[in-house]
Amino acid sequence: GENVEQHPSTLSVQEGDSAVIKCTYSDSASNYFPWYKQELGKGPQLIIDIRSNVGEKKDQRIAVTLNKTAKHFSLHITETQPEDSAVYFCAASFTGGGNKLTFGTGTQLKVEL
Amino acid sequence: EAQVTQNPRYLITVTGKKLTVTCSQNMNHEYMSWYRQDPGLGLRQIYYSMNVEVTDKGDVPEGYKVSRKEKRNFPLILESPSPNQTSLYFCASSPDTASDTGELFFGEGSRLTVL
């Protein structure tokens, strides 16, 4: 089955700096890569996703890049703000796989003032 | 408001005492799923359902049961809870099923402690 590794497990940045979280996956059939943000006491919420037919996707201050050859994808947050502090999960799945997402182990991002 | 509702949000119980965590969604989603979240392990899928009366095992189904008698409800049943089932549980739903991948909408979680 699919295995997703996520690094780092914790990340501390100064407000205004950029943050990068990296994930690798094992199953070459995977073609859908979402990122979820989990705020304290809440359930995860989708913030951005990418499919294997594109290499990069941006949405305001967040972007995701995908390298299918190397089987890794990354989340980039620019101009970080205190409200970006949360746990971020990457995930992978494939079309026709029953909507089965395999999640990474999560990254605790802390944005310090 | 579109949402996934779980109950109870917090529960402390003892080994062997059957319990049910309810999950209800008001978005008419076909797909529903249960995850458990443990430190250092991320989110792991317990069971999922692609439609009414259709359920299947996820990655960690041992010790759990589910049912899907109605589209909106997907309860998680622990027949004989054990301490290793102490965890944070999330129910999720999605409009997409086996034909595609799509956004999961999560409930706010149910923190279960088994003594």
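Considering only segment A:60-73, how many residues are assigned to a loop (DSSP other than H, G, I, E, B) and within 18 Å of residue A:3 (Cα to Cα)? First the steps, then the outcome.
Keep residues of segment A:60-73 that are assigned to a loop (DSSP other than H, G, I, E, B), which gives A:60-61, A:68-71.
After this cut, where a residue has to be within 18 Å of residue A:3 (Cα to Cα) as well, the list is A:68-71.
Number satisfying all stated conditions: 4.
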For this session: Name every residue in segment A:1-59 that is crowded, with 16+ Cβ neighbours inside 10 Å and in a loop (DSSP other than H, G, I, E, B), in order of residue number.
Result: A:2, A:27, A:30, A:31, A:43, A:44, A:52
For this session: For residues that are within 8 Å of chain A (Cβ to nearest Cβ) and closer than 16 Å to residue B:96 by Cα, scanning just segment B:45-55, find the one that is farthest from the chain's Cα centre (by Cα).
Result: B:50
Seminar exercise, completed: Going through (1) within 11 Å of chain A (Cβ to nearest Cβ); (2) of a type outside the set (Ser, Thr, Tyr); (3) exposed (fewer than 14 other Cβ atoms within 10 Å of the Cβ); (4) touching a residue at least 12 places away in the same chain (Cβ under 8 Å) one by one, residue B:83 fails only at (1)
Problem set entry | Per-region count, segment B:80-104, residues at pLDDT 95 or above and not small (Gly, Ala, Ser) | 9
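Could you tell me whether segment A:67-84 includes any residue that is within 14 Å of another protein chain (Cβ to nearest Cβ) and either buried (at least 21 other Cβ atoms within 10 Å of the Cβ) or under 16 Å from the mean Cα position of the chain (by Cα) (or both)?
In the first step, residues of segment A:67-84 are kept if they are within 14 Å of another protein chain (Cβ to nearest Cβ); the result is none.
Scanning segment A:67-84, I find no residue that is within 14 Å of another protein chain (Cβ to nearest Cβ) and either buried (at least 21 other Cβ atoms within 10 Å of the Cβ) or under 16 Å from the mean Cα position of the chain (by Cα) (or both), so the answer is no.
Does residue A:100 count as over 16 Å from residue A:3 (Cα atoms), more than 15 Å from the chain's Cα centre (by Cα), within 14 Å of chain B (Cβ to nearest Cβ) and charged (D, E, K, R)? Before the answer, list the steps.
Numbers: over 16 Å from residue A:3 (Cα atoms): no; more than 15 Å from the chain's Cα centre (by Cα): yes; within 14 Å of chain B (Cβ to nearest Cβ): yes; charged (D, E, K, R): yes.
So residue A:100 fails the test.
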Problem set entry | All positions within segment B:56-67 that are touching a residue at least 12 places away in the same chain (Cβ under 8 Å) and within 14 Å of another protein chain (Cβ to nearest Cβ) | B:58, B:59, B:60, B:61
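Could you go through segment B:21-29 and let me know if any residue there is free of Cβ contacts under 8 Å to residues at least 40 places away in the same chain and buried (at least 17 other Cβ atoms within 10 Å of the Cβ).
Let us first name the residues in segment B:21-29 that are free of Cβ contacts under 8 Å to residues at least 40 places away in the same chain, namely none.
The answer is no; no qualifying residue exists.
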For this session: May I ask you to say which residue of B:8, B:75 is modelled with pLDDT of 95 or more, away from chain A (no Cβ under 14 Å) and closer than 21 Å to residue A:40 by Cβ?
Result: B:8
For this session: Select, from B:84, B:51, the only residue that is of a type outside the set (Val, Ile, Thr) and within 22 Å of residue B:115 (Cα to Cα).
Result: B:84
Exercise. Scanning for something over 23 Å from residue A:49 (Cα atoms) and either without any contact (Cβ under 8 Å) to a residue 40 or more places away in the chain or away from chain A (no Cβ under 14 Å) (or both), does segment B:89-108 turn up at least one residue?
Worked result: no
For this session: Select the strands (runs of 3 or more DSSP E) contained entirely in segment B:34-114, then report the ones holding at least 2 residues which are among the hydrophobic types (A, V, I, L, M, F, W, C).
Result: B:42-51, B:76-78, B:87-94, B:110-114
Exercise. Do we find a residue being touching a residue at least 40 places away in the same chain (Cβ under 8 Å), within 19 Å of residue B:109 (Cα to Cα) and in contact with a Phe, Trp or Tyr (Cβ under 8 Å, 6 or more places away or on another chain) anywhere in segment A:68-88?
Worked result: yes
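The values are calculated or read from the model by the stated rules, or taken from the named source; none is laboratory data. Bear in mind the structure is a predicted one, so any value in this text is a computation, not a measurement. Note that we place each Cβ from the backbone using ideal geometry, even for glycine, and neighbour counts take in every protein chain shown.
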